[in-house]
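Take a look at the structure set out below.
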Amino acid sequence: MKTILTGIKPTGQIHIGNYLGAMKPAIEACKLSQDTSYLFIADYHALTATHDKATFQEMVYEVAAAWIACGIDPKKTVVYLQSDVPEIFELAWILSCFTPKGFMNRAHAYKAKIAENEQNGKKDLDFGVNMGLFNYPVLMTADILAFDAHEVPVGEDQIQHLEFARDIAQKFNNNYGETLKMPNPIKKGEAKLITGIDGRKMSKSYSNSIPLFAPEKKLRKLVMKVKTDSLAPEAPKDPEGSLPLEYFKEFATDEEVKIMLGRYKEGVAWGDVKQNLFEVMNREISPMRQVYDDLMADKSSIDAVLKEGASKARERSQDVISRVRMAIGKR
Ligand code: ADP
Ligand code: TRP
């Protein structure tokens, strides 16, 4: 029995980095597991960055619709909003009392903000840092530990957070005995890091992403913009570090990749490579896009899934929080 759990924060359009790094591995793992799995929308995490009411609401729906559209089995998989599970926030407070402040000083999102302030010559290095951003990894730890999760599929950038979750659980257990379940670690090579169309890490914050549910025409346009060298069509192409090939490998069959590698060797026009890339991507995405568009056009079915998800999620988290309350000696 393996509990799979992962979350996405609704801070922008879901892109293929999110899909390939977290959503697809999670959904595949859910299919293999006999246990209930938990896929959620980390909406209160998004509040560290998004303070516009309408944007916040729309993005929550987008992430919820994306989870459903990616093909979950509603009998085995619970889709819910983080904010619908109050137990998570109680646990987050308790865990914050076991988290050395130094851990959070080392968290990379916080460190990146400090570095940015330093670079911009700001006197106050904590400029623009709210406590939500600083405590972010503690809340993420609570998200995981409140469900006794075994496996947490995430992209490479989240490995540090998963390590914090393990360290914090250990600190709690060292004090009270085995109470919290430690999630399995992820080793570096196991998690993905998908590159953006400009060659940097694909991220919602860099405007370099391929939105997973971009309309077909837009998808094609973005694929055509993927960075390549400027070699002539007949020149052989180096597969090493080739961005179109990186994406192609994620969506094509082994046989198709073999053929593509042959074409690289012989010399192929980038336009042809990209057309082929668009086709394999669209083949996988278009059935999901249809479901996504339907869900976004009538959000009542998303609401229904989230409502049911909230009550199922709380069943599990209430068990865990009871254990925790007992362990700390709450009457
Ligand atoms: P973003 O960086 O675009 O804001 P999130 O932080 O919301 O994305 O990430 C949601 C999930 O998607 C996490 O598990 C994260 O590791 C994964 N992810 C995000 N970007 C990438 C990427 N470029 N490659 C692989 N996984 C990614
Ligand atoms: N921090 C994750 C991200 O930025 C989102 C997230 C919040 C999450 N809580 C989680 C991922 C719990 C996995 C498990 O992408």
* To do: Answer yes or no: is there a residue in segment 167-183 that is without any contact (Cβ under 8 Å) to a residue 24 or more places away in the chain, part of a loop (DSSP other than H, G, I, E, B) and under 17 Å from Ile144 (Cα atoms).
  => yes
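What residue, among those in segment 290-331 that are of a type in the set (Lys, Arg) and free of Cβ contacts under 8 Å to residues at least 60 places away in the same chain, is nearest to Leu145 (Cα to Cα)?
Of the residues in segment 290-331, the ones of a type in the set (Lys, Arg) are 299, 307, 312, 314, 316, 323, 325, 330-331.
Next cut, free of Cβ contacts under 8 Å to residues at least 60 places away in the same chain only: 307, 325, 330-331.
Values: Lys307: 22, Arg325: 14, Lys330: 19, Arg331: 22 Å.
Once the filter is applied, the top-ranked residue is Arg325.
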* So which pairs qualify, if the first residue must be in segment 9-24 and over 10 Å from Ser209 (Cα atoms), the second must be surrounded by 24 or more Cβ atoms within 10 Å (Cβ to Cβ) and of a type in the set (Phe, Trp, Tyr), the Cβ gap must be under 8 Å, and the two must be at least 6 apart or on different chains? -> Met23/Trp67
* Give the residue, chosen from Gly121, Gly132, that is more than 8 Å from ligand 2 (Cβ to nearest atom), of a type in the set (Gly, Ala, Ser), assigned by TED's automatic domain parsing to the domain that holds Glu190 and under 26 Å from Asn184 (Cα atoms). => Gly132
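Filter segment 1-14 down to residues that are within 10 Å of ligand 1 (Cβ to nearest atom) and over 11 Å from Gly155 (Cβ atoms) and give me whichever is most open to solvent (accessible area, probe 1.4 Å).
Going residue by residue through segment 1-14, those that are within 10 Å of ligand 1 (Cβ to nearest atom) are 6-14.
Remaining after also requiring over 11 Å from Gly155 (Cβ atoms): 7, 9-14.
On the way: Gly7: 30, Lys9: 69, Pro10: 0, Thr11: 40, Gly12: 10, Gln13: 106, Ile14: 11 Å².
Out of the qualifying residues, it is Gln13.
Does Asn105 satisfy the condition of being within 16 Å of ligand 2 (Cβ to nearest atom) and of a type in the set (S, T, N, Q)? Break it down stepwise before answering.
Details: within 16 Å of ligand 2 (Cβ to nearest atom): no; of a type in the set (S, T, N, Q): yes.
No: the conditions fail for Asn105.
In segment 246-298, what residues are outside any helix (DSSP H, G or I), surrounded by 14 or more Cβ atoms within 10 Å (Cβ to Cβ) and over 29 Å from the mean Cα position of the chain (by Cα)? Reasoning before the result, please.
We begin by selecting, within segment 246-298, every residue outside any helix (DSSP H, G or I); these are 252-253, 267-269, 298.
Those still in the list that are surrounded by 14 or more Cβ atoms within 10 Å (Cβ to Cβ) too: 252, 268-269.
Hits for segment 246-298 are Val268, Ala269.
For the structure I just gave you, tell me whether Leu162 is part of a helix (DSSP H, G or I) and either of a type in the set (Val, Ile, Thr) or assigned by TED's automatic domain parsing to the domain that holds Met104 (or both).
Details: part of a helix (DSSP H, G or I): yes; either of a type in the set (Val, Ile, Thr) or assigned by TED's automatic domain parsing to the domain that holds Met104 (or both): yes.
The answer is yes for Leu162.
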* **Enumeration of residues in segment 1-44 that are over 12 Å from the mean Cα position of the chain (by Cα), over 13 Å from Val79 (Cα atoms), outside any loop (DSSP other than H, G, I, E, B) and not acidic (Asp, Glu)** => Ala29, Lys31, Leu32, Tyr44
* To do: For segment 21-41, enumerate the residues that are of a type in the set (A, V, I, L, M, F, W, C) and crowded, with 20+ Cβ neighbours inside 10 Å.
  => Ala22, Met23, Ala26, Ile27, Cys30, Leu39, Phe40, Ile41
* To do: Looking only at segment 42-81, count how many residues are open to solvent by 60 Å² or more (accessible area, probe 1.4 Å), in contact (Cβ under 8 Å) with a residue 24 or more places away in the chain and away from ligand 1 (no atom under 16 Å from the Cβ).
  => 2
* For segment 140-178, how many residues are within 14 Å of ligand 1 (Cβ to nearest atom) and open to solvent by 30 Å² or more (accessible area, probe 1.4 Å)? -> 6
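Is it the case that segment 185-200 has a residue that's in contact with a Phe, Trp or Tyr (Cβ under 7 Å, 6 or more places away or on another chain), within 11 Å of ligand 1 (Cβ to nearest atom), without any contact (Cβ under 8 Å) to a residue 24 or more places away in the chain and not hydroxyl-bearing (Ser, Thr, Tyr)?
yes
The values are calculated or read from the model by the stated rules, or taken from the named source; none is laboratory data. Keep in mind the model is a prediction, meaning the values are calculated, not measured. Glycine gets a Cβ as well: all are built from the backbone with ideal geometry, and neighbour counts include every protein chain shown. With ligands, DNA and RNA removed, areas are computed over all heavy atoms of the protein, side chains included. Shrake-Rupley method; radii C 1.70, N 1.55, O 1.52, S 1.80 Å.
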